[in-house]
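Participant: Submitted below is the structure of interest, expressed as structure tokens.
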Amino acid sequence: MNKYSLRIYGFVFIIAMVLAVVLGTVFNNTYLNTRDGAQVEKWELTPEEREDGVYFTITLPKEDVAGKSIVFHTGHVAAEVTIDGEMVYSLYAGNPKLNKSTGYRWNFITLTAEDAGKEMSVRMIPAYEGVVVKNEFYYGEEFDIDKTIFAANAPRFLFALLILVIGVILLVYSCFIEKRNREDEAITHFAMFSVLLAVWSMMESPISDLFGVWSVGNMVIDHYALMVMPMSFVLFIRTVFSNDKSPIWKVYIIFNMAIIVLRTILQATALCDLKQTLWMSQFSILIFVLIGFVMGIKEIRTGKLTRRMKLNLACFFLIFATTLVELVSFQVFHVKVISGMLGFLIYIVVMSVEMIKQSRKIVERAREAEIYRKMAYTDELTGAYNRTAFQNDMEHQVKVDEETGKTIVNPNTIFMFDLNDLKKCNDDYGHENGDKYIKMVAEVLIRIIGIDGRCYRIGGDEFCVIMPKIGQNEIDNKLISILKEVQELDKKGFVVPVSVAVGYAVFNPEYDKTLEDTMKRADVLMYQNKQLIKQTQAAEVN
């Protein structure tokens, strides 16, 4: 994920969590239940609207009701419950000046044996105009009612949970993609969209209201998930279009961010609750739909439909059809179905599989390219860098100062190595032993130089090492280690004595105009060392 996207997600996440903690904890609902430890059940009652609220009157069963409960669900509604005139339960916003809403909540009223046959009155006070008061009440054992609530809402909740799992898997996958690329960005943003969609759906589900009493905090998370969702989807969907650099995408993201900031300010200053400004985010989503529709029409007209664009169009049609079926089923036949959520689940599964397939192809191509790059810059016999890599790296050690125009050479230390008696080894014992000689010494050089520098085979038996400028002690330590290990190789016995000649030089602008000059000085010293070794060997023979 690039820094721009990371900052946006991070900013919104921090604001959402701060508001959720403040509203959900410090200013959470004030509720009083004098009969905790209840069990629960259900009915449908006729509401009575009065000036001070909506009332429901319940005559409790005359049978033994001890250990049973009355349970009802509220959304943005304050509530009072009395039994035979005695207040037994109340729910109010913790700080009405800051937040009028009580969020979504299951309210549990425990019954005792003395309550049998008495009249229970439930007064509900909507926090805002237009809030619909639910008339469903549950009566019975808590476990039974929990099962009833879960069974009625489980399919949609489980679909949302499955989408959440897919989104998290995609996020983890995108984090472990070896090569950062455009496909990685698409996967990350689509994963964020999937997670946000799942969180929003789960927070909207009555099942989530069964877990804990942090209803206001849940409401904040719900709203912020909805606010960020179109932004993450835009960052994904623009990668589907050929005109992904169009300024319209950035303008919309800024517009959506402005809405998030505005809604946050209005809530923080108590001018409007998040519930009251929900229409702003709904308007933002509508704007995005219009932008997507216009851009899609342009894409179709230009004939630039890619495979991914076609998949998206097919899935959008599926989502539209399944959502329409859900609306018609509920409005006309009064039957609740989850076809809309199923459409979203299919879309997310299809696109996830498609993007992972494309990502794997890109990674494989990158690996192949890396293999070919290594072949181009690596000596096949020794595994050291070859002469092509050496020339390329030497060029990159020089840069031009943009202000002065002067050439600047990186102050490197250059070592030159040459194997002694390689020609004798090849002539007398064959090139197979000569190659073995070269490989033995190369392994020593590569191992000791390690990550501190680069080792190149620039000729048959010539090696060069380039290291950043280091102190004399480090130079001495490297050389001592190399010569010591070469001596150990010689002690093990080989067809010819194993030894290397070495020379080194540190770039000095007083002597060197370029690194080639430094290399020449190192080469002269290496040649002198080679002559000295030959003289020493000749003296030992005599």
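The values are calculated or read from the model by the stated rules, or taken from the named source; none is laboratory data. Keep in mind that what you see is a predicted model, and the values were worked out from it rather than measured. Here the Cβ is made from the backbone with ideal geometry for all residues, glycine too, and neighbour counts use every protein chain on show. The protein model used for the area step is the full one, side chains on, heavy atoms only, and it has no ligands, DNA or RNA in it. Shrake-Rupley method; radii C 1.70, N 1.55, O 1.52, S 1.80 Å.
Participant: If the requirement is being without any contact (Cβ under 8 Å) to a residue 40 or more places away in the chain, of a type in the set (A, V, I, L, M) and either open to solvent by 70 Å² or more (accessible area, probe 1.4 Å) or at positive phi (or both), which of these qualifies: Leu164, Leu158?
Facilitator: Of the residues listed, the single one that is without any contact (Cβ under 8 Å) to a residue 40 or more places away in the chain, of a type in the set (A, V, I, L, M) and either open to solvent by 70 Å² or more (accessible area, probe 1.4 Å) or at positive phi (or both) is Leu158.
Participant: Let me ask something additional. Scan the range 431-450 and give yes if some residue there is free of Cβ contacts under 8 Å to residues at least 60 places away in the same chain, within 23 Å of Gln535 (Cβ to Cβ) and over 49 Å from the mean Cα position of the chain (by Cα), otherwise no.
Facilitator: No, there is no match, as no residue in the range 431-450 is free of Cβ contacts under 8 Å to residues at least 60 places away in the same chain, within 23 Å of Gln535 (Cβ to Cβ) and over 49 Å from the mean Cα position of the chain (by Cα).
Participant: Please verify whether Arg105 is closer than 23 Å to Val216 by Cα, more than 43 Å from the chain's Cα centre (by Cα) and among the charged types (D, E, K, R), treating the condition exactly as stated.
Facilitator: No.
Participant: Quick check on Leu45: is it of a type outside the set (Val, Ile, Thr), at pLDDT 85 or above, surrounded by 12 or more Cβ atoms within 10 Å (Cβ to Cβ) and touching a Lys or Arg at 6+ places or on another chain (Cβ under 6 Å)?
Facilitator: Working: of a type outside the set (Val, Ile, Thr): yes; at pLDDT 85 or above: yes; surrounded by 12 or more Cβ atoms within 10 Å (Cβ to Cβ): yes; touching a Lys or Arg at 6+ places or on another chain (Cβ under 6 Å): no.
Taking the combined requirement at face value, the residue does not satisfy it.
Participant: What about Tyr224, is it at pLDDT 90 or above and more than 24 Å from Gly103 (Cβ to Cβ)? Can you show your working first?
Facilitator: On the way: at pLDDT 90 or above: yes; more than 24 Å from Gly103 (Cβ to Cβ): no.
Taking the combined requirement at face value, the residue does not satisfy it.
Participant: Still on this structure: Anything in the range 63-86 that is open to solvent by less than 10 Å² (accessible area, probe 1.4 Å) and assigned to a loop (DSSP other than H, G, I, E, B)? List them, or say none.
Facilitator: Val65, His76
Participant: Please find, among Ile480, Ile466, Ile458, the residue that is of a type in the set (A, V, I, L, M) and out of contact with any helix residue (DSSP H, G or I) (no Cβ under 8 Å at 6 or more places or on another chain).
Facilitator: Details: Ile466 fails: out of contact with any helix residue (DSSP H, G or I) (no Cβ under 8 Å at 6 or more places or on another chain); Ile458 fails: out of contact with any helix residue (DSSP H, G or I) (no Cβ under 8 Å at 6 or more places or on another chain).
Of Ile480, Ile466, Ile458, the one residue that is of a type in the set (A, V, I, L, M) and out of contact with any helix residue (DSSP H, G or I) (no Cβ under 8 Å at 6 or more places or on another chain) is Ile480.
Participant: Here are some residues: Ala225, Ala268. Which one is surrounded by fewer than 15 Cβ atoms within 10 Å (Cβ to Cβ) and within 26 Å of Asn95 (Cα to Cα)?
Facilitator: Result of the check over Ala225, Ala268: Ala268.
Participant: Answer yes if at least one residue in the range 187-195 is β-branched (Val, Ile, Thr), free of Cβ contacts under 8 Å to residues at least 40 places away in the same chain, part of a helix (DSSP H, G or I) and surrounded by 15 or more Cβ atoms within 10 Å (Cβ to Cβ), and no otherwise. Let's see the steps before the verdict.
Facilitator: First, the residues of the range 187-195 that are β-branched (Val, Ile, Thr): 187-188, 195.
Pick out the ones that are also free of Cβ contacts under 8 Å to residues at least 40 places away in the same chain and you get 195.
Filter once more, keeping what is part of a helix (DSSP H, G or I): 195.
Checking the rest, the ones that are also surrounded by 15 or more Cβ atoms within 10 Å (Cβ to Cβ) come to 195.
Checked against the condition, which is being β-branched (Val, Ile, Thr), free of Cβ contacts under 8 Å to residues at least 40 places away in the same chain, part of a helix (DSSP H, G or I) and surrounded by 15 or more Cβ atoms within 10 Å (Cβ to Cβ), the range 187-195 yields at least one hit.
Participant: Could you tell me which residue of the range 447-469 is nearest to Leu381 (Cα to Cα), considering only residues that are crowded, with 16+ Cβ neighbours inside 10 Å and either of a type in the set (Val, Ile, Thr) or out of contact with any strand residue (DSSP E or B) (no Cβ under 9 Å at 6 or more places or on another chain) (or both)?
Facilitator: Only one residue fits best here, namely Ile458.
Participant: Let me ask something else. Can you tell me which condition Lys147 does not meet? The list is (1) in contact with a Phe, Trp or Tyr (Cβ under 7 Å, 6 or more places away or on another chain); (2) free of Cβ contacts under 8 Å to residues at least 12 places away in the same chain, and all the others hold.
Facilitator: Failed condition: (1).
Participant: Separate question: Which members of the range 516-542 meet the condition of being under 52 Å from the mean Cα position of the chain (by Cα) and either at pLDDT below 90 or outside any helix (DSSP H, G or I) (or both)?
Facilitator: Of everything in the range 516-542, nothing turns out to be under 52 Å from the mean Cα position of the chain (by Cα) and either at pLDDT below 90 or outside any helix (DSSP H, G or I) (or both).
Participant: Follow-up question, since we're still on this one. Could you please find all residues in the range 93-110 being surrounded by fewer than 20 Cβ atoms within 10 Å (Cβ to Cβ) and small (Gly, Ala, Ser)?
Facilitator: Gly94
Participant: Among the residues in the range 200-209, are any assigned to a helix (DSSP H, G or I), open to solvent by 30 Å² or more (accessible area, probe 1.4 Å) and among the acidic types (Asp, Glu)?
Facilitator: yes
Participant: Identify, by number, the condition in (1) open to solvent by 40 Å² or more (accessible area, probe 1.4 Å); (2) within 30 Å of Glu129 (Cβ to Cβ); (3) out of contact with any strand residue (DSSP E or B) (no Cβ under 8 Å at 6 or more places or on another chain) that Met257 doesn't meet.
Facilitator: (1)
Participant: Can you name the number of the only condition in (1) assigned to a strand (DSSP E or B); (2) closer than 20 Å to Pro509 by Cβ that Cys464 fails?
Facilitator: The number of the failed condition is (2).
Participant: Sticking with this structure for a sec: Looking at Lys147, Lys134 in this structure, which one is outside any loop (DSSP other than H, G, I, E, B) and more than 30 Å from Arg360 (Cβ to Cβ)?
Facilitator: The conditions single out Lys147.
Participant: Only one of (1) part of a helix (DSSP H, G or I); (2) in contact (Cβ under 8 Å) with a residue 40 or more places away in the chain; (3) not acidic (Asp, Glu) fails for Gly383. Which number is that?
Facilitator: (1)
Participant: With the condition kept exactly as written, say whether any residue in the range 231-251 is farther than 24 Å from Met355 by Cα and surrounded by 16 or more Cβ atoms within 10 Å (Cβ to Cβ).
Facilitator: No, because not a single residue in the range 231-251 is farther than 24 Å from Met355 by Cα and surrounded by 16 or more Cβ atoms within 10 Å (Cβ to Cβ).
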